[in-house]
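The values are calculated or read from the model by the stated rules, or taken from the named source; none is laboratory data. This structure is a prediction, so every number in the text was calculated from the model and none was measured. Every residue, glycine among them, receives a Cβ derived from its backbone with ideal geometry; neighbour counts consider all protein chains shown. Remember, those area values only see protein heavy atoms, side chains included, never the ligands or the DNA or RNA. Shrake-Rupley method; radii C 1.70, N 1.55, O 1.52, S 1.80 Å.
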Amino acid sequence: MIRALFLDLDGTLVGAENRVSARVRRALDRARGVGCEIVLCTGRSRVSTEPVAEQIGFQGYAIMSNGAVVMHLGNREVLCTNRLPIPTALWYVRALMEAGCAPQVYEDTLVGSRILYHPGYPVEIHNRERQRPWPELAETLPYEPICISSFGAEALLRPVAERLQQDPLPGTLVEQAGTHAVWCLEIHHHQSGKCNGLQRVAERLGVRREEVMAVGDHINDLSMVRFAGLGVAMGNALPEVQAAADWVTATQAQDGVALAIERFVLSG
């Protein structure tokens, strides 16, 4: 019996239009109706997670910022917030700049929502209220960040990420993620990661590993797909995610999440 369903967002629950399909919404409603807990698991911050949660009437636990923030979106219970020490964050900022990457430094979204970038390393602006230039980015920061991210082409970021993963600073986690259009390199506190978040929430819910289904598509989903009693990869997932999964569903555009729920949660 699947008692908890851990769902990635981008490339899994939503696509480029950021919309949850009608079939997936119905499947999620039916899953909740039979007592299955839904948990959102994403690299997004709370600010960008909540619009998706609202589409499905979701008020449960969410693993956000790739496990750096785990909280209940309804009652605001916080299970963890893992921040990077400022000296550690500055080391990674400089390392990314030296590699030709444009770092963005994220504030803990429970107390603020600033995203700082260096004006000499321009980034794509999605939200002018949140993204702010910070000329001293390599020398000082006004807060301990929840994560450091850089977005761009896989050809640039993947080799940089792999070099940093070979010799990370103590107490840090270097991850790769992305969407349909862009690659992402992220640095977090070592106690972050989607799998760590999954285990925290599962323990809070009293759910055993074998009662968990996790669904994802990208490298940052690998740990939870491997850990879950039933790991599901999307049809559009990266080859390494599909290889690690117990089952491969249809693509996001083909309502792969709904198909997985219908097969493994509702079939009994």
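Magnitude of the charge dipole for segment 186-268, about its Cα centre and with charges confined to Cβ atoms of Lys, Arg (+1) and Asp, Glu (-1), is about 280 debye. For residue 126 and residue 254, a Förster radius of 35 Å and the Cβ-Cβ distance give a FRET efficiency of 0.80, rounded to the nearest 0.05. Residue 240 label point, 7 Å along Cα→Cβ, cut-off 18 Å on backbone N: hits in segment 40-63? Answer for this model: 43. Shown for segment 101-199 is the translational diffusion coefficient from the Stokes-Einstein equation, using the Kirkwood radius over Cα pairs, a temperature of 20 °C and a viscosity of 1.002 mPa s: 150 µm²/s.
Under 1.5 on a/c is rounded, so check that first for segment 145-268, then, if it is not, pick prolate when a/b is larger than b/c and oblate when it is not; a ≥ b ≥ c are the square roots of the alpha carbon gyration tensor eigenvalues. Oblate, since a/c reaches 1.5 and b/c is not below a/b. Across segment 238-252, rounded Karplus estimates of 3J(HN,Hα) from the backbone phi angles (6.51 cos²θ - 1.76 cosθ + 1.60, θ = phi - 60°) give 4, x, 5, 6, 4, 5, 7, 7, 7, 8, 10, 8, 6, 6, 4 Hz, Gly and Pro being marked x. Using a probe of 1.4 Å on the protein chains alone, the accessible area found for residue 24 is around 10 Å². Proximity of backbone amide H atoms, modeled 1.01 Å from N, is registered between residue 79 and 70, 71, 72 at under 5 Å, excluding neighbours fewer than 5 places apart on the same chain.
When the trypsin sites (Lys or Arg not before Pro) in segment 70-126 are filtered for DSSP coil states and for at most 13 other beta-carbon atoms within 10 Å of their beta-carbon, the remaining sites are 76.
Nearest 20 debye, what's the magnitude of the dipole of segment 131-255 about its Cα centre given +1 on Lys and Arg Cβ and -1 on Asp and Glu Cβ?
220
Which net charge results when you count Lys and Arg as +1 and Asp and Glu as -1 among the other residues whose beta-carbon is under 9 Å from that of residue 218?
Net charge in that neighbourhood comes out at -4.
Taking Cα atoms only, the orientation of helix 46-55 departs from the longest principal axis of the chain by about 20 degrees.
Taking Cα pairs under 8 Å and at least six residues apart, what relative contact order does the chain come out at, in percent?
With pairs under 8 Å counted, the relative contact order is 21 percent.
Values of log10 I(q)/I(0) for segment 170-224 across q = 0.13 Å⁻¹ run -0.39, by the Debye formula with one identical scatterer at each alpha carbon and no solvent. When the Cα positions of 60, 218, 155 are compared along the charge dipole of the chain, 60 comes out farthest toward the positive end, with charges on each C-beta of Lys, Arg, Asp and Glu. Computed over the chain with a Gaussian network model linking Cα atoms closer than 10 Å, the most mobile of 240, 17, 54 is 17.
Applying the Kirkwood pairwise sum to the alpha-carbon positions of the chain produces a hydrodynamic radius of 18.6 angstrom. Within the listed set 63, 219, 148, the residue fluctuating most in the Gaussian network model of the chain (springs between alpha-carbon atoms under 10 angstrom) is 219. With respect to the chain, whose longest principal axis is taken over its alpha-carbon atoms, helix 194-205 is tilted by about 50°. Based on DSSP H segments of at least four residues, each scored -39500 (n - 2.57), the chain has a per-residue ellipticity at 222 nm of -9000 deg cm²/dmol.
Dimensions of segment 195-249 based on its C-alpha atoms, expressed as ranges along the principal axes with the largest first, amount to 32, 17, 12 Å. If you plug the beta carbon distance of residue 110 and residue 16 into 1/(1 + (r/R0)^6) with R0 = 25 Å, you get a FRET efficiency near 0.35. Scalar couplings 3J(HN,Hα) for segment 187-193, obtained by applying the Karplus form with A = 6.51, B = -1.76, C = 1.60 to θ = phi - 60°, are 10, 10, 4, 5, 8, 7, x Hz; x denotes Gly and Pro.
In this structure, the amide hydrogen of residue 4, modeled 1.01 Å from its nitrogen in the peptide plane, lies closer than 5 angstrom to those of 37, 213, counting only residues at least 5 positions away or on a different chain. Assuming charge only on the beta carbon of Lys and Arg (+1) and of Asp and Glu (-1), the dipole of the chain about its Cα centre is about 600 debye to the nearest 20.
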